[in-house]
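Below you'll find the structure, written out as structure tokens, and then a few comments.
What follows is calculated from the coordinates using simple rules that are stated; it is not laboratory data. A quick note: this is a predicted structure, and the numbers were derived from the prediction, not measured. Glycine also receives a Cβ, built like all others from the backbone with ideal geometry; neighbour counts cover every protein chain displayed.
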Amino acid sequence: MFEEAQYFAPVESRSDGSVVVELAASHPGFADPVYRERRNAIAGLAVNHRRGEPIPAAEYTEREHGIWSLVTKELAIKHAIYATAEYRHGAARLGLPEDRIPQLEEVSRLLEPLTGFRYLPAAGLVPLRDFYGVLADGYFHSTQYIRHHSVPFYTPEPDVIHEVIGHANALASDRYAALYHLAGEAARRVESDEALEFVSKIFWFTLEFGVMAEKGELMAYGAGILSSYGEIEEFRGMDIRPLDLGAMGTTHYDITKYQDVLFRADSLEHLEDVVGDFWATCDDDTIAKLAHSST
Ligand SMILES: [Fe+2]
């Protein structure tokens with residue numbers, strides 16, 4: 001997904017039909033040939049998948065299911081303290097398994113009756129326009145691999161824990177799902193790459209890293225915070241700014257570190273009014289004006 005793509009491992013499809021994920025030397029799984037083989041196989045599932053077909057099951061080891069179980073338990077404790085009520089409502093409706101990694105097909109089966117959203121497998125980077133555009137059709141692109149077992153609470157790239165715990169629980173809420181949908185419509189509507197980037201940055205500072213006032217506390221609803229064992233403990237101490245379209249659409253961020261500038265909505269209604277209405281109506285002209293007025 002957009003700038004997040006900077007730290008997606010590149011995926012290469014070779015002429016012999018094999019698919020190879022190029023892990024960086026700093027990746028925790030770099031020196032583990034068994035993990036790398038599994039990453040290649042899982043990437044191959046996404047490369048060969050055609051929309052409308054069932055998503056092939058990824059093979060996970062018992063140790064990997066254990067990572068999911070461990071992280072799920074720890075995050076649930078933190079969600080009770082730091083996640084918005086609407087996100088927790090989505091999580092309760094969705095009922096993800098706690099003891100094993102769900103297959104993406106299973107996530108779709110749980111999600112679709114609730115809000116119509118289905119998952120699509122992604123090998124790695126999905127081009128910006130496609131990643132956002134298909135949200136308008138009720139599809140969410142998701143990686144399928146899980147982080148390396150040596151560092152259960154860390155991943156240098158978005159893995160199935162981020163995609164499913166962070167995003168699917170939010171997509172199970174009617175109100176958040178409606179916002180994802182509107183982001184997709186905006187991405188389809190805008191024409192220039194600059195306008196698309198602006199739309200994607202608003203997504204970044206809301207549905208990925210958004211925070212919100214709730215009963216006098218600062219709570220998180222962004223998938224990036226809610227799926228990160230470390231970041232969820234830190235976000236209240238960051239530079240918290242008021243929700244501002246021009247600022248969000250033009251603020252630079254560094255994907256490789258904890259997000260130190262966050263934007264706070266006063267409430268879910270406030271988020272829907274400001275960001276939902278923006279995505280519902282924006283075009284290249286309104287975005288150019290917003291970008292200009294904030295510089
Ligand atoms: Fe994400």
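Antiparallel DSSP bridges in the chain: what percent, to the nearest 5? Spell out each step's value before the answer.
Numbers: 7 of 18 bridges.
Of all bridge pairs located within the chain, approximately 40 percent are antiparallel.
Compute the helix-to-body angle for 33-47: its Cα long axis versus the longest principal axis of the chain, expressed 0 to 90° and rounded to tens.
60 degrees
Determine the shape class of segment 190-281: with a ≥ b ≥ c the square roots of the Cα gyration tensor eigenvalues, call it rounded for a/c under 1.5, and otherwise prolate if a/b is greater than b/c, oblate otherwise.
oblate
Evaluate the distance, in nm, between pseudo-label points positioned 7 Å from the Cα of residue 25 and of residue 59 along their respective Cα→Cβ axes.
Rounded to a tenth, the inter-label distance reads 3.1 nm.
Compute the FRET efficiency between residue 260 and residue 12 as 1/(1 + (r/R0)^6), taking r as their Cβ-Cβ distance and R0 = 25 Å, and round to the nearest 0.05.
The computed FRET efficiency comes out at 0.15.
Could you please report the charge total around residue 166, scoring K, R as +1 and D, E as -1 over all other residues with beta-carbon less than 11 angstrom from its beta-carbon?
It works out to a net charge of -4.
With a ≥ b ≥ c taken as the square roots of the eigenvalues of the C-alpha gyration tensor of segment 213-255, please select rounded if a/c is under 1.5 and otherwise prolate if a/b is larger than b/c or oblate if it is not? Write down the numbers at each step before the final one.
Numbers: a/c = 2.02, a/b = 1.24, b/c = 1.63.
Oblate is the answer for segment 213-255, as a/c is 1.5 or above yet b/c matches or exceeds a/b.
Tell me the angle of helix 62-82 to the major Cα principal axis of the chain, expressed in degrees between 0 and 90 and rounded to the nearest ten.
Around 20 degrees separate the two axes.
Which GluC sites (Glu not before Pro) does segment 75-151 hold that lie in a coil by DSSP with at most 16 other beta carbons within 10 Å?
Here the GluC sites (Glu not before Pro) that fit, given the DSSP loop and packing criteria, are 98.
Express the relative contact order of segment 8-145 as a whole percentage, based on alpha carbon pairs under 8 Å and six or more residues apart in sequence.
On the way: 153 pairs, mean separation 33.7, N = 138.
Relative contact order of segment 8-145: 24 percent.
Taking each pair of distinct Cα atoms in segment 1-122 once, what is the resulting Kirkwood hydrodynamic radius in Å?
With all distinct Cα pairs of segment 1-122 included, I get 16.7 Å.
Where Rh denotes the Kirkwood radius from the mean inverse Cα pair distance, what is Rg over Rh for the chain? Kindly include the intermediate steps, with their values, before the conclusion.
Values: Rg = 18.3 Å, Rh = 19.3 Å.
With Rh from the inverse mean 1/r over Cα pairs, Rg/Rh is 0.95.
I need the calculated FRET efficiency for the pair residue 251 and residue 32, taking r as the beta carbon distance and R₀ as 41 Å, to the nearest 0.05.
Given R0 = 41 Å and the Cβ-Cβ separation, E is 0.65.
Could you state the angle between the C-alpha long axis of helix 85-94 and the longest principal axis of the C-alpha atoms of the chain, as a value from 0 to 90 degrees rounded to the nearest 10?
Once rounded, the angle reads 30 degrees.
Grab the chain and count how many Lys pairs have their alpha-carbon atoms under 23 Å apart, sequence gap of 8 or more, or different chains.
4
Which order do the peptides 163-170, 17-24, 175-182 take when ranked by the mean count of other beta-carbon atoms within 10 Å per residue, highest first?
Highest to lowest by the protection proxy: 163-170, 175-182, 17-24.
Would you mind pulling out the separation of the Cα centroids of segment 88-123 and segment 194-212, in Å?
23 Å
Which shape class, rounded, prolate or oblate, goes with segment 28-78 when its Cα gyration tensor gives a ≥ b ≥ c as root eigenvalues, a/c under 1.5 marks rounded, and past that a/b bigger than b/c marks prolate? Please list the in-between numbers first.
Numbers: a/c = 2.75, a/b = 1.35, b/c = 2.04.
Here segment 28-78 falls in the oblate category.
Please list the non-local residues whose amide H lies under 5 Å from the amide H of residue 49, H modeled 1.01 Å from N, same-chain partners needing a gap of 5 or more.
none
With an 8 Å cut-off on Cα pairs and a minimum separation of 6 or more residues, tell me the relative contact order of the chain in percent.
Value for the chain: 18 percent.
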